[in-house]
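A.B. asks: Take this structure, written in structure tokens, and hold onto it; I'll ask about it next.
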Amino acid sequence: MAQHTEFFTASLRDLVIDRPNQAWASDVTYIPMARGFVYLVAIMDWNSRKVLSWRVSNTLDASFCVEALEEAIETHGAPDIFNTDQGSQFTSEDFTGVLKRHGIRISMDGKGRWVDNVFVERLWRSVKYEDVYLKAYDSIAAARRSLGRYFAFYNTERRHQSLDRRTPDSVYYESAARLAA
């Protein structure tokens, strides 16, 4: 795949991220089921680790990623920076077009910059070990229901050591309220 320099307009290197909606990150992961598999995308706020939106799909086209992005922006406003890897879903014109229309700077992991997506990778580990691997989803609908319950728990009840034992929701909304005051 050819790299397009217009995509790389922001860097997370040496950036202090200390408020909600300053930087979001996204990734796609593979979710095994009793028979077959699905793909899961999540949009996460870097500062609070809050999962802002997510989608499940049985194909790897860009549409489910675009839907998750549009929902996150509609619900939470636009971030300053959006970080992803250089996967085809995230470099597609459909996905980058949404970012550009909202004036969001685009950051894509470069070679050796695995740390830029570390929070989403930690989310994948949590969701898989705390939900997916404990259940054998028998349908896409069952996967969506279970993942919906998990992400609600993750945002509102699961305390994070890196957040001083607070939940992603409490960090996100308390910080947002402080900034609005």
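The values are calculated or read from the model by the stated rules, or taken from the named source; none is laboratory data. Bear in mind the structure is a predicted one, so any value in this text is a computation, not a measurement. With ideal geometry, Cβ positions are generated from the backbone for all residues, glycine too; neighbour counts draw on all protein chains shown.
A.B. asks: On the basis of being part of a helix (DSSP H, G or I), more than 19 Å from ARG19 (Cα to Cα), in contact (Cβ under 8 Å) with a residue 12 or more places away in the chain and touching a Ser or Thr at 6+ places or on another chain (Cβ under 9 Å), does VAL127 make the cut? Please lay out each step first, then the result.
C.D. replies: Numbers: part of a helix (DSSP H, G or I): yes; more than 19 Å from ARG19 (Cα to Cα): yes; in contact (Cβ under 8 Å) with a residue 12 or more places away in the chain: yes; touching a Ser or Thr at 6+ places or on another chain (Cβ under 9 Å): yes.
Yes; evaluated as a whole, the condition is true for this residue.
A.B. asks: Going through the stretch 43-65 one residue at a time, which ones are farther than 13 Å from LEU123 by Cα, in a loop (DSSP other than H, G, I, E, B) and not charged (D, E, K, R)?
C.D. replies: Answer for the stretch 43-65, where residues must be farther than 13 Å from LEU123 by Cα, in a loop (DSSP other than H, G, I, E, B) and not charged (D, E, K, R): ASN47, ASN58, THR59, LEU60, ALA62.
A.B. asks: Out of the residues in the stretch 25-44 that are hydrophobic (A, V, I, L, M, F, W, C), touching a residue at least 24 places away in the same chain (Cβ under 8 Å) and within 12 Å of LEU60 (Cβ to Cβ), which is surrounded by the most Cβ atoms within 10 Å (Cβ to Cβ)? It would help to see each step written out before you state the result.
C.D. replies: So the first thing to find is which residues in the stretch 25-44 are hydrophobic (A, V, I, L, M, F, W, C), and the list is 25, 28, 31, 33-34, 37-38, 40-44.
Going one step further and asking which of them are touching a residue at least 24 places away in the same chain (Cβ under 8 Å), we end up with 25, 28, 31, 33-34, 38, 40-44.
Pick out the ones that are also within 12 Å of LEU60 (Cβ to Cβ) and you get 28, 38, 40-41.
Numbers: VAL28: 22, VAL38: 21, LEU40: 24, VAL41: 26.
Among those that are hydrophobic (A, V, I, L, M, F, W, C), touching a residue at least 24 places away in the same chain (Cβ under 8 Å) and within 12 Å of LEU60 (Cβ to Cβ), it is VAL41.
A.B. asks: Taking the stated definitions as given, is ALA136 among the small types (Gly, Ala, Ser), without any contact (Cβ under 8 Å) to a residue 24 or more places away in the chain and surrounded by fewer than 17 Cβ atoms within 10 Å (Cβ to Cβ)? Walk me through it before giving the result.
C.D. replies: Details: among the small types (Gly, Ala, Ser): yes; without any contact (Cβ under 8 Å) to a residue 24 or more places away in the chain: no; surrounded by fewer than 17 Cβ atoms within 10 Å (Cβ to Cβ): yes.
When the stated conditions are applied, ALA136 does not pass them.
A.B. asks: Specify the residue that is surrounded by the most Cβ atoms within 10 Å (Cβ to Cβ); the eligible residues are those in the stretch 74-85 that are part of a loop (DSSP other than H, G, I, E, B) and under 14 Å from the mean Cα position of the chain (by Cα). Show your work before the answer.
C.D. replies: From the stretch 74-85, those part of a loop (DSSP other than H, G, I, E, B) are 77-80, 85; that's our starting set.
If we keep only those that are under 14 Å from the mean Cα position of the chain (by Cα) as well, we get 78-79, 85.
Values: ALA78: 16, PRO79: 24, ASP85: 19.
Step by step, filter the stretch 74-85, then rank; the result is PRO79.
A.B. asks: Shifting gears a bit: Go through (1) within 20 Å of ASP18 (Cα to Cα); (2) part of a helix (DSSP H, G or I); (3) over 13 Å from the mean Cα position of the chain (by Cα) for SER107 and report which single condition fails.
C.D. replies: The single condition SER107 does not satisfy is (2).
A.B. asks: If I go through the stretch 145-170 residue by residue, how many of them are modelled with pLDDT of 95 or more and of a type in the set (A, V, I, L, M)?
C.D. replies: 2
A.B. asks: Can you pull out every residue in the stretch 21-42 that is outside any strand (DSSP E or B) and either aliphatic (A, V, I, L, M) or within 27 Å of SER175 (Cβ to Cβ) (or both)? Break it down into steps so the answer makes sense when it comes.
C.D. replies: Let us first name the residues in the stretch 21-42 that are outside any strand (DSSP E or B), namely 21-22, 33-36.
Residues satisfying the conditions are ASN21, GLN22, MET33, ALA34.
A.B. asks: Further, regarding this structure: How do the pairs read when you match residues in the stretch 154-181 that are at positive phi with residues anywhere that are of a type in the set (Phe, Trp, Tyr), using Cβ under 9 Å and keeping only pairs 6 or more apart or on different chains?
C.D. replies: Going by the 9 Å Cβ cut-off, there are no qualifying pairs.
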